[in-house]
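Note sheet for the following structure.
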Amino acid sequence: MKIVVIGGTGLIGSKLVGRLGDHGHNAVAAAPATGVDTLTGEGLKAALRGADVLVDVSNSPSFADDDVMTFFRTSTGNLIDAAQEEGIGHYVALSVVGSSRHPEIGYFRAKAAQEDLIMASGLHYSIVHATQFFEFAVGIADMSTKDGVVRLPGAGVQPMAADDVAAAVGRAAVGKPLGGRLEIAGPDKFGLDEWVRKVLVARNDSRAVVQDSDARYFGAHMHYDTLLPRQGAQFGVISLGDWLAFDAQVRS
């Protein structure tokens, strides 16, 4: 099976291409570095020629509200046009748990727009909603730091390893189109502040992490269950403890 992975050189894409190749599929990494630009359409149709499945795990280089909306609208529009022209049988996209719950968050609003375009395209599709990745904890801490203290709302999270994300997206890619959404999450639930604190402590980062009811997440107030998966979600197998142990080995 030929599977084209848009964003195939990134964090999830590179892992996905490797997994698919290990299972005997012809996995093609499509990204600007390989001559494929979804914003301009350059190289896109050539990459999709003869493909059975298109998987989009790409991301906007800028998270500014206008930039991220422009990226996903333009990129997804070009992908849909090319997929329709090349007769792609299955369009798989990676999105985020909670994308439709907080339209005041620019990134969530852009991902919801991406999903709407795919669902209205007439293509057979599957949309995979993932929770936060373990790999994002430090970035969340950085954007939430003020005067040397990390302030986070009391939201619940069920973060997961990028390897588990890639495995779930891979299963979706080789399976039948869902014609809907699938939520995936990590095996354990934490408070947002608890998760970030564990990662910073493991990395010997001395910043204090406190739960603050006035703190916001990407500019929005969070309810406890806003970022948590709903009933029917599938769960990864890599725990935070296991991931931290592996991360320590890689960083040593």
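The values are calculated or read from the model by the stated rules, or taken from the named source; none is laboratory data. Small disclaimer: the values here were computed from a predicted structure and weren't measured. When we count neighbours, we look across all protein chains shown, and the Cβ atoms used for this are built from the backbone with ideal geometry, even at glycine.
A few notes on this one:
Okay, residues lined up against (1) assigned to a strand (DSSP E or B); (2) over 14 Å from L227 (Cα atoms); (3) of a type in the set (A, V, I, L, M):
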{"residue": "G139", "(1), (2), (3)": "no, yes, no"}
{"residue": "R151", "(1), (2), (3)": "yes, yes, no"}
{"residue": "A172", "(1), (2), (3)": "no, yes, yes"}
{"residue": "K176", "(1), (2), (3)": "no, yes, no"}
{"residue": "E194", "(1), (2), (3)": "no, yes, no"}
{"residue": "L200", "(1), (2), (3)": "no, yes, yes"}
{"residue": "N204", "(1), (2), (3)": "no, yes, no"}
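- When segment 217-252 is filtered for residues that are in contact with a Leu (Cβ under 9 Å, 6 or more places away or on another chain) and surrounded by 13 or more Cβ atoms within 10 Å (Cβ to Cβ), the ones remaining, listed by number, are Y217, M222, L227, A233, Q234.
- Applying the set (1) surrounded by fewer than 15 Cβ atoms within 10 Å (Cβ to Cβ); (2) out of contact with any helix residue (DSSP H, G or I) (no Cβ under 7 Å at 6 or more places or on another chain) to V210 leaves exactly one unmet item: (2).
- Counting the residues of segment 67-84 that are polar (S, T, N, Q) and more than 16 Å from the chain's Cα centre (by Cα) gives 4.
Let's see how each residue does on (1) surrounded by 24 or more Cβ atoms within 10 Å (Cβ to Cβ); (2) in contact with a Pro (Cβ under 7 Å, 6 or more places away or on another chain); (3) closer than 25 Å to V96 by Cβ; (4) not charged (D, E, K, R):
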site	(1), (2), (3), (4)
V4	yes, no, yes, yes
K15	no, no, yes, no
G21	no, no, no, yes
G35	no, no, no, yes
K45	no, no, no, no
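- Strands (runs of 3 or more DSSP E) wholly inside segment 1-109 that include at least 1 residues being touching a Leu at 6+ places or on another chain (Cβ under 8 Å), within 22 Å of M119 (Cα to Cα) and among the charged types (D, E, K, R): 53-56
- Tallying residues that are under 20 Å from L48 (Cα atoms), surrounded by fewer than 18 Cβ atoms within 10 Å (Cβ to Cβ) and either of a type in the set (S, T, Y) or in contact with a His (Cβ under 8 Å, 6 or more places away or on another chain) (or both) within segment 63-78 yields 1.
- Single condition T145 does not satisfy, out of (1) surrounded by fewer than 20 Cβ atoms within 10 Å (Cβ to Cβ); (2) modelled with pLDDT under 95: (2)
So that you can scan it fast, the table gives a plain yes or no per residue for (1) of a type in the set (S, T, Y); (2) in contact (Cβ under 8 Å) with a residue 40 or more places away in the chain; (3) farther than 24 Å from H223 by Cβ:
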{"residue": "A82", "(1), (2), (3)": "no, yes, yes"}
{"residue": "G87", "(1), (2), (3)": "no, no, yes"}
{"residue": "G98", "(1), (2), (3)": "no, yes, no"}
{"residue": "A112", "(1), (2), (3)": "no, no, no"}
{"residue": "Y125", "(1), (2), (3)": "yes, yes, yes"}
